[in-house]
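Written below as structure tokens is the structure these notes are about.
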Amino acid sequence: MISVEGLRVEFGGFTLFDDVSFVINKKDRIALVGKNGAGKSTMLKILAGLQSPTGGVVSIPKETTIGYLPQQMQLKDIRTVREEAEMAFDHIHDMEREINLLNEQLAERTDYESEVYHKIIDKVTHLSEQFQMMGGSNYHAELERTLIGLGFSREDFDRPTSEFSGGWRMRIELAKLLLRRPDVLLLDEPTNHLDIESIQWLENFIATRANAVILVSHDRAFIDNTTSRTIEIELGHIYDYKVKYSDYVVLRKERREQQLRAYENQQKKLADTEAFIERFRYKATKSTQVQSRIKQLEKIERIEVDEIDTAMLNLKFPPAPHSGSYPVIAEEVSKSYGDHLIFEHVNLTIKRGEKVAFVGKNGEGKSTLVKCIMNEIPFEGSLKLGHGVKIGYFAQNQAQLLDDNMTVFDTVDYVAQGDIRTKIRDILGAFMFGGEASEKKVAVLSGGERSRLAMIRLLLEPVNLLILDEPTNHLDMRSKDVLKNALKDFDGTVIVVSHDREFLDGLVEKVYEFGNKRVVEHLGGIYEFLERKKMQNLQELEVSANKATEAAADENVPTQNKLSYEARKELNKAIKKQEKLIAESEKKIEELETSIADLEAKLATPEGASDTALYTQYADLKKALSETMDLWTEQTMELEEMQQN
């Protein structure tokens, strides 16, 4: 579908891509991976047509549509949610205007037999056909259905986009892309501002609705759940693996070991050749052989190996100062902004040394409770910090508080104490500030670089309660590993607000869920929490289990095995019902596809091509097929969830 041949990109004297070639096929699910700065975002911009390469060719068929979701939002806060989402149909509006303009021209002209008149008729017919096939003016229902599917309520449709947080704006952009139904979807760090539920929705969307997808993400779980092909960018070249990310990691390790062996062998041969040249350079009897070796050296294509510094993967931070047994105790805490209630009746106790996660949809109060703990905003109820608690707080705006006049190295050196000062350059390297980057002034750093530097500073300060609000948004996978391992070894208390399941997995032992104006405590890790959430979504099973529990309470005799049997019986009944619904949907899909094929055959004839009623019928059938496919997808996912239990 898209062919990239001999791609070359240069910035100044630096070569980002050198003779890169690959093909993107229909339905490909591609993860674009590589170090920060390797060129992942640049590649997406080139594919989106927003940036031109220095050399090479990107061949995209004329009819191919491309949807691009950048890291930064493009909303201008001058529209409502509905108006912003309707921008997905700008091409339909433009076509409608063109059809109306051509019809006006036909009404004004009297040269009915002229070639120009007939060309205008042909164009109107062609555009009208396209207009009907794309849904014409019947898109409003699809728009509302998509926004509701993404978590918006009907009351949200007429609210200005300026009232929504970054995560909800991301959903508006995703809604626009979904409504456009592009042939190729380009996503650059789509999970950065999404909550866990939104990420799971996006995973489902990519798996069931999208066509070809190319994405850049540092969320391991997300790319492993959504992609089946991995393209790695390294030192200006690409390595194409036809496997998902977790399998790529294994294959890459094997390839790297082979690369290193080849590199070492080549270095030995080069050293031997150079030694021979030096030894016999000035001996006349060996001049022919020396010249031959020199030519050999010139022709050898040098093997390059991208250096990976593993020195700090087991980074240990200084011990946390001692604090009271319970660093945070909240009793009946409530917070409102005017008449808008954020949460109420919050009761939680965090013990010394515990590592907990705050999760939930955007706008449910996670960061608000953090600000209450920090005593930055007023609230109702009691919130006590334990004796000797010293808080270290990381949020995106912390990066703006750094001193612009200091260098990266000095910024970290200023807070480092004890033996850790001897390892500052290693720490900086682990967080992508190796070499000359450590001497950069803070003033010239990008937003992501400032965030990483603020994170390093925080982790070196002597605190015993770390509060991290979305700490992984600007970290690559290796930096996240360094941070995660450091936090696991940290002997203080940690509160993490995060949507990154892989980062939270194995780090936290308790999850606080924010939603419906409440905060609910769940013991166990993040995946245990998500599994319990899946169970809660099986409403038929939940209702039957509740009935069985009530019966057990009344009779005081049934065992746990009997309850399990009753629940399993209800589940099997629900599975059979679901399978029947899926079979009905599949039959309807088959019937619709047959009807569409018959209609397409009629439209291919001269008589059919001039019958506008057929186009309307065709558009209605395509819409019905799309809705039935969506219903089949939802039914299939529900069945899979049932079968997992």
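The values are calculated or read from the model by the stated rules, or taken from the named source; none is laboratory data. Predicted model only: the values in this text are computed from it and were never measured. FYI the Cβ positions are ideal-geometry reconstructions off the backbone, even for glycines, and counts take in every protein chain you see. These area figures cover heavy atoms from the full protein model, side chains too; ligands, DNA and RNA do not enter into them. Shrake-Rupley method; radii C 1.70, N 1.55, O 1.52, S 1.80 Å.
Criterion applied to L7, L102, L32 was being touching a helix residue (DSSP H, G or I) at 6+ places or on another chain (Cβ under 6 Å) and over 24 Å from F222 (Cβ atoms), and the one residue passing it is L102.
Residue pairs whose Cβ atoms lie under 9 Å apart, sitting 6 or more positions apart in sequence or on different chains, and linking a residue in region 294-310 that is open to solvent by less than 50 Å² (accessible area, probe 1.4 Å) to a partner that is modelled with pLDDT of 80 or more and of a type in the set (S, T, N, Q), are I294/T273; L297/T273. With respect to the conditions (1) open to solvent by 30 Å² or more (accessible area, probe 1.4 Å); (2) in contact with a Pro (Cβ under 7 Å, 6 or more places away or on another chain), L202 falls short on a single one, namely (1). Restricting V23, V58 to those that are farther than 30 Å from H140 by Cα, open to solvent by 60 Å² or more (accessible area, probe 1.4 Å) and assigned to a strand (DSSP E or B) reduces the list to V23.
Do the conditions hold for D469, that is, is it among the acidic types (D, E) and surrounded by fewer than 20 Cβ atoms within 10 Å (Cβ to Cβ)? Judged against the criteria, D469 is not a match.
The criterion of at least 2 residues that are among the acidic types (D, E) is met by the following helices (runs of 4 or more DSSP H) wholly inside region 100-212: 115-133, 140-149, 196-208.
Residue-by-condition table, conditions (1) modelled with pLDDT of 85 or more; (2) aromatic (F, W, Y); (3) over 26 Å from F514 (Cα atoms); (4) surrounded by fewer than 19 Cβ atoms within 10 Å (Cβ to Cβ):
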position: N138; (1), (2), (3), (4): no, no, yes, yes
position: A141; (1), (2), (3), (4): no, no, yes, yes
position: G149; (1), (2), (3), (4): no, no, no, yes
position: F157; (1), (2), (3), (4): yes, yes, no, yes
position: S162; (1), (2), (3), (4): no, no, no, yes
position: A175; (1), (2), (3), (4): yes, no, no, no
position: D188; (1), (2), (3), (4): yes, no, yes, no
position: H193; (1), (2), (3), (4): no, no, no, no
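Farther than 19 Å from L504 by Cα and of a type in the set (S, T, Y), is that true of Y263? Considered against the rule, which asks whether it is farther than 19 Å from L504 by Cα and of a type in the set (S, T, Y), Y263 comes out as yes. Take region 32-54 and flag every residue that is assigned to a loop (DSSP other than H, G, I, E, B) and touching a strand residue (DSSP E or B) at 6+ places or on another chain (Cβ under 6 Å). Hits for region 32-54 are G34, A38, G39, A48, P53, T54. The C-beta contact set for region 251-278 (first residue in a helix (DSSP H, G or I), second residue of a type in the set (V, I, T) and exposed (fewer than 13 other Cβ atoms within 10 Å of the Cβ), distance under 9 angstrom, 6+ apart or interchain) comprises R256/I308; Q266/I300; K269/I300; L270/I300; T273/I300.
Restricting attention to region 398-422 and to residues that are open to solvent by 100 Å² or more (accessible area, probe 1.4 Å) and not basic (K, R), the residue that is farthest from K441 (Cα to Cα) turns out to be D419. L523 falls short on exactly one of the conditions (1) closer than 30 Å to D403 by Cα; (2) open to solvent by 20 Å² or more (accessible area, probe 1.4 Å), and that condition is (1). Highlighted here are the helices (runs of 4 or more DSSP H) found entirely within region 501-611 that include at least 1 residues which are among the acidic types (D, E) and modelled with pLDDT under 85: 526-537, 539-555, 560-603, 606-609. Residues in region 213-244 that are at pLDDT 90 or above, open to solvent by 50 Å² or more (accessible area, probe 1.4 Å) and part of a loop (DSSP other than H, G, I, E, B): S228, K242, K244. A count restricted to region 350-373 and to residues that are farther than 29 Å from Q200 by Cα and either open to solvent by 50 Å² or more (accessible area, probe 1.4 Å) or in a strand (DSSP E or B) (or both) stands at 2. Checked against the criterion of being modelled with pLDDT under 80, touching a helix residue (DSSP H, G or I) at 6+ places or on another chain (Cβ under 9 Å) and open to solvent by 80 Å² or more (accessible area, probe 1.4 Å), region 78-90 contains not a single residue that satisfies it. As for region 325-340, it holds no residue that is part of a helix (DSSP H, G or I) and at pLDDT 90 or above. Scanning region 374-413 for residues that are farther than 14 Å from M455 by Cα and outside any strand (DSSP E or B) yields a total of 16. Y68 satisfies every condition listed in (1) within 21 Å of the chain's Cα centre (by Cα); (2) open to solvent by less than 40 Å² (accessible area, probe 1.4 Å) except (2).
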